[in-house]
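Scroll down for the structure; my scribbles are underneath it.
The values are calculated or read from the model by the stated rules, or taken from the named source; none is laboratory data. Note that the structure is predicted; figures quoted are calculated from it, not measured. In this analysis, Cβ positions are derived from the backbone assuming ideal geometry, glycine residues included, and neighbour counts consider all displayed protein chains. Remember, those area values only see protein heavy atoms, side chains included, never the ligands or the DNA or RNA. Shrake-Rupley method; radii C 1.70, N 1.55, O 1.52, S 1.80 Å.
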Amino acid sequence: MQRTIMALAAGLTLQLVLATGLQAQTLEAVKARGELLCGVNEGLIGFASKSAAGEWSGFDADFCRAVSAAVFNDAAKVKFVPLSVSERFDALRAGKVDILSRNSTWTLSRELDYGLSFAAITYFDGQGFMVPRAAKVDSALELGGSKICLLKDTTTQRNQADYFEANSMKFEAILVDSTTEALERYKKKDCLAITSDVSQLYAERLDLADAGDHLILPEIISKEPLGPAVRQDDPKWRSLVQWVHFAMVDAEELGVSSATLDQARSSTRPAIRRLIGGEGKLGSELGLANDWVVNVVRLVGNYGEVFERNLGGGSKLAIPRGLNQLWSLGGIQYAPPVE
C-alpha cells in the first residue's frame, strides 16, 4: 500500500514538473533568444507598417514592444515577422512567432482549428463598407446587385454573405488574397465597394490619392474583437500577454502615463502602488520584475497613449475612440485590477 502511494506521489510530481516546464517554455525561450518574435500585418497603416528606413510602427507593433518591455525592460528586443492572412495562424502554431499581433478577429473556430488562444481584446472593431462618393450610396442597404471586393478565407467573407442574405440582397464577390490587391481592384473600379474592418478601411482610404472622395458607410455589420493570439499549450505565457494589455488599460484609468510615472512612484493610492510593483510580488509570479508595468508605461505608454499615437487624434487615421474608450468614459475597454 505504501509503495503504491509512493508511486502515485512520484507520478503526480513528475506530471507537475512536466506541466510546469511546458507552461514556462515560451517565456524561457524568449529570454534565451534575447528577442520576441512578433507576427504582424505585412503593411497596414496604424496597426503595423514598415517605413523606408525599416522601422515598424503601429498599434499592433507597439503591443509587442510592450510585451518586450515587460520581459526585457527594453521595448526594442522585438523581431517583427510580416505574415499574410493565409499564413498567420499556421505560423503561430508552428512556432515561427511567439505572439500574433496582427489585427485578427477572436473566434471560437480559430481557437479550436489552430490550437491557439486569444489573450485579450485590444481593439473593438466591426466590419463596414467603403464606396466612392460619386456613387451616391448612403447606406449598405443600397448595395444590392453590386460587386464587392473582399479578402477570401476571412471572417469578412462570411459576414458579407450573411448580411446580404439577411437583407435579401444579391452581390458578386471579388475575392482577393491581400488588402493591397483589394484596394487595387477597387481603384480600377472592378468593384463598387470594398468591405473590411472599419479600422482597416480608414487605413486603406489613406492610400487613395483622392481619399476625400471616398465614404465609409455608417453600417457596422459584425463584431470584430481584435487582439493578440498565442499557442494554447502555454497558459503562463498567455497570462503574461493578457496582463500586459490589462495593465496598460488600468494604467490609463488610474492616470499613470509615461509623463506621470514620477508622481505614480510617490503615490499613496493602493491601486497605483500595486500596479507599479510598490506592493506585492505579482511580477515575479509572472516571471517578470515586480516593476514591469513601470517599464511598459515608460517605454511604450499606457493604452490611451498607444491608441492616440497610432490610431487616434495624434495619427493620420484620426479614428474616434468609440467602443475603445475606457468603460468609465462611455466605451467598453475594461480591465481587471492588478492586485
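So the values come out like this:
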| quantity | calculated |
| --- | --- |
| Segment residue 153-residue 262, extension gain: residue separation times 0.36 nm, minus the distance between their alpha carbons | 34.5 nm |
| Of all accessible heavy-atom area on the chain, the percent that carbon and sulfur account for (1.4 Å) | 53 percent |
| Under 15 Å, Cβ to Cβ, from residue 230 - net charge with Lys/Arg +1 and Asp/Glu -1 | +1 |
| Anisotropy class of segment 172-295 from Cα gyration tensor, a/c 1.5 cut | prolate |
| Solvent-accessible surface (1.4 angstrom probe) belonging to residue 57, in square angstrom, nearest 10 | 60 Å² |
| Magnitude of the charge dipole, segment 181-339, Cβ model with Lys/Arg +1 and Asp/Glu -1, debye to 20 | 260 debye |
| Unit charges on C-beta of K, R, D, E only; dipole of the chain, Debye | 540 debye |
| Accessible area, probe 1.4 Å, largest first, for residues 285, 42 | 285, 42 |
| Heavy-atom accessible area per residue - segment 87-221, 1.4 Å, Å² | 45 Å² |
| Cα-based shape type of segment 246-339, given that a ≥ b ≥ c are square roots of the gyration tensor eigenvalues and the cut on a/c is 1.5 | prolate |
| Under 24 Å from residue 236, Cα to Cα: lysines that are on another chain or at least 8 residues apart | 31, 77, 79, 96, 281 |
| FRET efficiency, residue 139 to residue 52 (Cβ-Cβ, R0 51 Å, nearest 0.05) | 0.80 |
| Square roots of five times the Cα gyration tensor eigenvalues for the chain, Å | 39, 25, 18 |
| As computed over segment 172-228, the Cα convex hull volume per residue (Å³) | 109 Å³ |
| Theoretical ellipticity at 222 nm over the chain - DSSP helices of four or more residues, -39500 (n - 2.57) apiece, nearest 500 | -12000 deg cm²/dmol |
| Segment 51-184 - Rg over Rh from alpha carbon coordinates, Kirkwood radius | 1.03 |
| Environment charge of residue 152, counting only residues whose C-beta is closer than 13 Å and scoring Lys/Arg +1, Asp/Glu -1 | -1 |
| Mean shadow area of segment 88-132 over all directions, Cα convex hull, nm² | 4.2 nm² |
| Shape call, segment 145-189: gyration tensor on alpha carbons, a/c limit 1.5 | oblate |
| Dipole of the chain [Lys/Arg +1, Asp/Glu -1 at C-beta], most positive-end residue of 220, 322, 59 | 59 |
| Dipole of the chain [Lys/Arg +1, Asp/Glu -1 at C-beta], most positive-end residue of 32, 311, 333 | 32 |
| Globularity ratio of segment 54-133, using Cα Rg and 2.2 N^0.38 Å | 1.25 |
| Karplus-derived HN-Hα couplings along segment 114-126 (A = 6.51, B = -1.76, C = 1.60, θ = phi - 60°), whole Hz, x at Gly and Pro | 10, x, 10, 9, 7, 8, 6, 9, 8, 8, 8, 10, x |
| At q = 0.14, 0.23 Å⁻¹, base-10 log of I(q)/I(0) for segment 129-224 (Debye sum, equal scatterers on each alpha carbon) | -0.43, -1.32 |
| Per-residue HN-Hα couplings for segment 202-212 [Karplus 6.51, -1.76, 1.60; θ = phi - 60°; Hz; x = Gly/Pro] | 4, 5, 5, 4, 5, 7, 8, 4, 10, 3, x |
| Packing rank of 192-201, 223-232, where each peptide gets the mean count of other beta carbons within 10 Å, highest leading | 192-201, 223-232 |
